[in-house]
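Undergrad: Before I ask anything, let me first share the structure, which is written out below as structure tokens.
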Amino acid sequence: MAQTRDNIRRWNEEYDWTEGGDEWSVAWGGPDAQWFHTLYPRIRKFVPAGTILEIAPGFGRWTQYLKDLCSSLVVVDLAQVCIDACKTRFAGSPHIRYHVTDGKSLAMVEDGSIDFAFSFDSLVHVEMDVLEAYLEQLAVKLSPDGVGFFHHSNVGVYAALIASGTMTNHHWRGESCTAEKFRRFAERVGLSCIGQELANWGQDQYLTDCMSLFTRTGSRWARPHQVVENLRFMLEAQMARSLAPLYARTEAADSNGTLRMEAQRSAPGPESRQSREQAVIEFQSRKLGEMEAQHNALRADLAQLREHFQVVERDREARLKAIEQQGRKLGEIEGQRNALRAELEQLGERFRAANEDREARLKVIEQQGWKLGEIESQRDALSAERSTLQGRLENLEKKYVAAGEALARQLEEIAALRSQLDRLNSSLPVKAMRRLGLIG
Ligand SMILES: C[S@@+](CC[C@H](N)C(=O)[O-])C[C@H]1O[C@@H](n2cnc3c(N)ncnc32)[C@H](O)[C@@H]1O
């Protein structure tokens with residue numbers, strides 16, 4: 001991860017700035033070629049602008065062009081050495097203001113003052129938190145029609161390849177950044193991301209970098225978001241480099257500002273044969289030098305292509321292996337899926353059978369329920385009948401007991417009467433008794 005403290009250490013303390021950053025333009029044939037071939041065509045619609053903000057200028061590789069495209073330029077870098085170098089280099093340009101930042105803050109910039117915000121070949125080394133901090137502030141710092149052009153990392157989309165070792169983060173790109181995250185965050189803070197060019201950097205076939213254009217929502221530049229995937233970004237560099245020497249000015253012309261072909265002007269006239277031959281020899285040796293340079297450039301291109309081819313080949317092999325592994329895994333998973341399917345079918349069948357059985361049992365239970373109801377009502381009727389009969393029985397018993405008691409009493413009376421009669425019989429003569437009809 002490229003943290004802010006790593007950036008400070010790298011650019012403020014460790015980096016050898018002897019060449020002022022021009023060494024990063026070698027692939028283009030120099031900063032001039034890179035600016036006019038690659039950068040200026042991309043931003044030319046937005047410049048000249050009133051106030052330009054350049055974030056992370058380094059030693060001023062792009063500041064030298066931006067300063068001539070505005071009435072006021074603000075440069076902000078986290079490395080003190082870079083700000084000092086810019087101050088010295090552009091001492092003759094009083095419209096430039098310089099600030100050292102903590103790596104996220106734009107507090108020194110006036111709200112609504114920036115017509116064009118620019119950063120190239122710097123924010124590719126920061127993580128998403130830094131991009132978010134700058135975007136959030138630019139939503140306020142940009143003027144109503146202000147536009148931003150940020151070059152940042154898109155390497156986050158390859159996180160899995162980097163983690164597996166299939167891809168190397170060669171150019172120290174911020175691993176948490178993607179074009180998509182950048183767009184979404186810009187929109188969240190009230191900016192409109194109007195265009196994103198995804199580009200390869202170096203010889204890689206990966207779209208590791210992104211150039212994002214953004215503006216304030218509702219500005220005159222606002223339009224639907226567009227994305228272009230540019231895998232030929234490095235061809236631009238090759239083209240620029242091959243043309244750069246052809247259109248370059250001589251050193252002498254550069255130093256006095258006049259286009260002069262020193263070789264021609266100082267070439268001896270045709271007066272003497274010797275001087276003509278001398279001119280031819282010089283011309284031929286110049287030509288030879290150029291051809292040698294072209295030859296070397298071609299060899300370098302060839303070596304780069306070979307290297308690129310090897311990278312592609314290695315990547316292809318890694319992908320083939322991954323595809324093979326995935327194929328095997330897929331086979332295994334399919335087998336497991338089929339087994340699960342069969343198990344599921346069996347379970348389904350068992351479930352259907354259990355369901356049918358359950359329904360049959362439910363029917364039986366229902367029938368038994370009805371039967372039970374009937375039996376219960378019969379039982380209730382019988383028990384009511386039994387209580388009636390029992391009542392009647394108890395009444396009869398009572399009556400029987402009473403009748404028994406009455407009978408006993410009558411028997412007692414009969415017995416008493418009989419004994420009275422026996423006594424009378426024994427005391428009355430039989431004749432009188434017969435008269436009285438007491439005996440026959
Ligand atoms: C590779 S140099 C490029 C400089 C310049 N843009 C160029 O292309 O020559 C990276 C620059 O980014 C600056 N930088 C890195 N992180 C930064 C941050 N968070 N805020 C401001 N500047 C930062 C460094 O101090 C350094 O000057």
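The values are calculated or read from the model by the stated rules, or taken from the named source; none is laboratory data. In this text the structure is predicted, and so the values were computed from the model without any measurement. Positions of Cβ are backbone-derived with ideal geometry, glycine not excepted, and every protein chain shown enters the neighbour counts. Ligands, DNA and RNA are stripped out before the accessible areas are found, and what is left, the full protein with its side chains, is counted by its heavy atoms. Shrake-Rupley method; radii C 1.70, N 1.55, O 1.52, S 1.80 Å.
Undergrad: Tell me the label-point distance for the pair TYR247, ARG409, using the 7 Å Cα-to-Cβ offset, in nm and rounded to one decimal.
TA: For TYR247 paired with ARG409, the spin-label model returns 15.4 nm.
Undergrad: Rounding to the nearest 10 and keeping the result within 0 to 90°, find how far the Cα-based axis of helix 80-89 lies from the longest principal axis of the chain.
TA: Compared with the principal axis, the helix lies near 30 degrees.
Undergrad: Taking only pairs that are 8 or more places apart or on different chains, how many Lys pairs in the chain have Cα atoms under 16 angstrom apart?
TA: The result is 4.
Undergrad: Please determine, in degrees from 0 to 90 and to the nearest 10, the orientation of helix 179-188 with respect to the longest principal axis defined by the Cα atoms of the chain, where the helix direction is its Cα long axis.
TA: It works out to around 70 degrees.
Undergrad: Restricting to DSSP H runs of at least four residues, report the calculated mean residue ellipticity at 222 nm for the chain, -39500 (n - 2.57) per run over all residues, nearest 500 deg cm²/dmol.
TA: Rounded to the nearest 500, it is -19000 deg cm²/dmol.
Undergrad: Can you give me the orientation-averaged projected area of the convex hull built on the Cα atoms of the range 309-440, in nm²?
TA: 19.9 nm²
Undergrad: So what's the angle, to the nearest 10 degrees on a 0 to 90 scale, between helix 128-141 and the longest Cα principal axis of the chain?
TA: Around 80 degrees separate the two axes.
Undergrad: Next question, about the same structure. Multiplying the sequence separation of LEU362 and GLN304 by 0.36 nm and subtracting their Cα-Cα distance, what value in nm do you get?
TA: Extra length available between LEU362 and GLN304 comes to 12.7 nm.
Undergrad: Further question on the same structure: How big is the range 373-440 on each of its three principal axes, counting only the C-alpha atoms and giving the largest first in Å?
TA: 82, 18, 10
Undergrad: Still on this model: How large is log10 I(q)/I(0) at q = 0.15, 0.34 Å⁻¹ when the Debye formula is applied to the Cα atoms of the range 182-224, each weighted equally and without solvent?
TA: Scattering profile of the range 182-224, log10 relative to I(0): -0.42, -1.13.
Undergrad: Please work out the FRET efficiency for the pair ALA159 and TRP370, using the Cβ-Cβ distance as r and a Förster radius of 56 Å; give the result to the nearest 0.05.
TA: 0.20
Undergrad: Using mean Cβ contacts within 10 Å as the protection proxy, how do 219-231, 345-357, 95-107, 170-182 order, highest first?
TA: Highest to lowest by the protection proxy: 170-182, 95-107, 219-231, 345-357.
Undergrad: Here's a follow-up. State the Kirkwood hydrodynamic radius of the chain in Å, one decimal place, computed from all pairs of distinct Cα atoms.
TA: Over the chain, the inverse of the mean reciprocal pair distance is 31.3 Å.
Undergrad: Would you mind telling me the antiparallel percentage of the DSSP bridges in the chain, rounded to 5?
TA: For the chain, the DSSP antiparallel bridge percentage is about 40.
Undergrad: At 10 °C and a viscosity of 1.306 mPa s, what translational diffusion coefficient does Stokes-Einstein give for the range 4-237, taking Rh as the Kirkwood radius over Cα pairs? Give it in µm²/s as a whole number.
TA: 89 µm²/s
Undergrad: Just the C-alpha atoms of the range 116-158: what Rg/Rh do they give, with Rh taken as the Kirkwood radius?
TA: 1.00
Undergrad: Working from the alpha-carbon coordinates of the range 113-239, get Rg over Rh, Rh being the Kirkwood radius.
TA: Rg/Rh: 0.99.
Undergrad: If we sort 319-325, 196-202 on the protection proxy, mean other Cβ atoms within 10 Å, highest first, what's the order?
TA: With the highest mean Cβ count within 10 Å placed first, the list reads 196-202, 319-325.
Undergrad: Same structure again: For the full complex of protein chains and a 1.4 angstrom probe, list PHE120, PHE36 by accessible area with the highest value first.
TA: From most accessible down to least: PHE36, PHE120.
Undergrad: Percent of alpha carbon pairs in the range 298-364 separated by more than 18 Å?
TA: So the pairs more than 18 Å apart make up 69 percent of the total in the range 298-364.
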